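Q: Starting off with a structure, shown below.
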Amino acid sequence: MIWDWAFAFEILPLLAQAAVVTIEATVLGFLIAAILGLVLASLRIAVPATAWPISVLVELIRSTPLLIQIFFVYFVFPKWGLVIDAFAAGVIAIGIHYAAYCSEVYRAGFDNIARGQWEASIALNLSSWTTFRDIIIPQAIPPVVPALGNYLVALFKETPLLSAIAVLELMQTAKIIGSQTFRYTEPITLVGAFFLVMSLVSAAGIGALERHLNRRPTR
């Protein structure tokens, strides 16, 4: 038989456990990407002297493969005395990689804010933090949520790269099952189904968040 339902149901719990690792890596990685990307974009605007160094850093990260960055964090950082376990190293590398993309998304959102609003904030003697928190961010974030959501789904589909440093996520677990049983059809197909379902759920969540933010009145 090409497909064995009994075997598929037998390995399903193992893959479900691995799916938890994949989801954790996705959520933690995206949190790092979203927060660090916002920090980088904000610094480029608030501190003009940092614009050029941050631009170079962003291009450097975006122009090198994520797999190389994962290897760099996991294998090179220990040479500098910073030893990180495989899961943490993978999450950090993914987070930093996508922070570079998110920073450009945030920057586009900030650029769409009319210059007059910045000038009005200065005229009202508002601090930079108050301006960002109460005026700029509430207007800049909702339009860029779809783009951030695309990167969330893309990040989720990049998690199989963590198998290169022996993180037992979905793909690594499927490969181990296949090597032990010499059956790859069921585990690989189920992994594809897991990714499809979770990607659709993520896309639906982003869509719901976008609708919520668009209905929310800005202050």
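The values are calculated or read from the model by the stated rules, or taken from the named source; none is laboratory data. Fair warning: this is a prediction, and the values are worked out from it, not measured in the lab. Note that each Cβ is placed from the backbone with ideal geometry, even for glycine, and that neighbours are counted across all protein chains shown.
Q: Farther than 25 Å from PRO142 by Cβ, polar (S, T, N, Q) and touching a Leu at 6+ places or on another chain (Cβ under 7 Å) - does that describe any residue in the stretch 46-59?
A: Within the stretch 46-59, one or more residues are farther than 25 Å from PRO142 by Cβ, polar (S, T, N, Q) and touching a Leu at 6+ places or on another chain (Cβ under 7 Å).
Q: Here is a further query. Is it the case, given these coordinates, that VAL153 is in a helix (DSSP H, G or I), without any contact (Cβ under 8 Å) to a residue 40 or more places away in the chain and of a type in the set (A, V, I, L, M, F, W, C)?
A: no
Q: Further question: Tell me, which residue of the stretch 54-102 that is over 19 Å from GLU24 (Cα atoms) and charged (D, E, K, R) is modelled with the lowest pLDDT?
A: LYS79
Q: State all residues of the stretch 111-146 that are within 28 Å of ALA208 (Cα to Cα) and aliphatic (A, V, I, L, M); if no residue qualifies, say none. Before the answer, list the steps.
A: Of the residues in the stretch 111-146, the ones within 28 Å of ALA208 (Cα to Cα) are 111-114, 130-146.
ILE113, ALA114, ILE135, ILE136, ILE137, ALA140, ILE141, VAL144, VAL145 - these are the residues of the stretch 111-146 that are within 28 Å of ALA208 (Cα to Cα) and aliphatic (A, V, I, L, M).
Q: Please determine whether any residue of the stretch 104-113 is at negative phi, within 25 Å of the chain's Cα centre (by Cα) and surrounded by fewer than 13 Cβ atoms within 10 Å (Cβ to Cβ).
A: Checking the stretch 104-113: at least one residue is at negative phi, within 25 Å of the chain's Cα centre (by Cα) and surrounded by fewer than 13 Cβ atoms within 10 Å (Cβ to Cβ).
Q: On to the next question. I need every pair where a residue in the stretch 45-60 that is within 16 Å of PHE110 (Cα to Cα) has its Cβ under 6 Å from the Cβ of a residue that is part of a helix (DSSP H, G or I) and small (Gly, Ala, Ser), sequence separation at least 6 or different chains.
A: Here the result reads ALA46/SER128, each pair linking the stretch 45-60 to a residue that is part of a helix (DSSP H, G or I) and small (Gly, Ala, Ser).
Conditions (1) under 17 Å from VAL39 (Cβ atoms); (2) of a type in the set (A, V, I, L, M), marked per residue:
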| residue | (1), (2) |
| --- | --- |
| ILE84 | no, yes |
| PHE87 | no, no |
| HIS97 | yes, no |
| GLY116 | no, no |
| LEU124 | no, yes |
| VAL144 | yes, yes |
| TYR151 | yes, no |
| GLU158 | no, no |
| ALA164 | no, yes |
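Conditions tested, residue by residue: (1) more than 19 Å from ALA99 (Cα to Cα); (2) crowded, with 19+ Cβ neighbours inside 10 Å; (3) in contact with a Pro (Cβ under 9 Å, 6 or more places away or on another chain); (4) of a type outside the set (A, V, I, L, M, F, W, C).
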{"site": "ILE137", "(1), (2), (3), (4)": "no, no, no, no"}
{"site": "ALA147", "(1), (2), (3), (4)": "no, no, no, no"}
{"site": "ILE165", "(1), (2), (3), (4)": "yes, yes, no, no"}
{"site": "LYS175", "(1), (2), (3), (4)": "yes, no, yes, yes"}
{"site": "GLY178", "(1), (2), (3), (4)": "yes, no, yes, yes"}
{"site": "GLY192", "(1), (2), (3), (4)": "yes, no, no, yes"}
{"site": "PHE195", "(1), (2), (3), (4)": "yes, yes, yes, no"}
{"site": "LEU200", "(1), (2), (3), (4)": "yes, no, no, no"}
{"site": "GLY207", "(1), (2), (3), (4)": "yes, no, yes, yes"}
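Q: With over 17 Å from LEU155 (Cβ atoms), assigned to a helix (DSSP H, G or I) and within 17 Å of the chain's Cα centre (by Cα) as the only criterion, which of ALA93, ALA41 stands out?
A: ALA41
Q: What is the residue count in the stretch 165-184 for residues that are touching a Gly at 6+ places or on another chain (Cβ under 9 Å) and either assigned to a helix (DSSP H, G or I) or farther than 17 Å from ILE70 by Cα (or both)?
A: 2
Q: Follow-up. Taking the stretch 44-90, which residues are of a type in the set (Gly, Ala, Ser) and not in a helix (DSSP H, G or I)?
A: Hits for the stretch 44-90 are SER63, GLY81.
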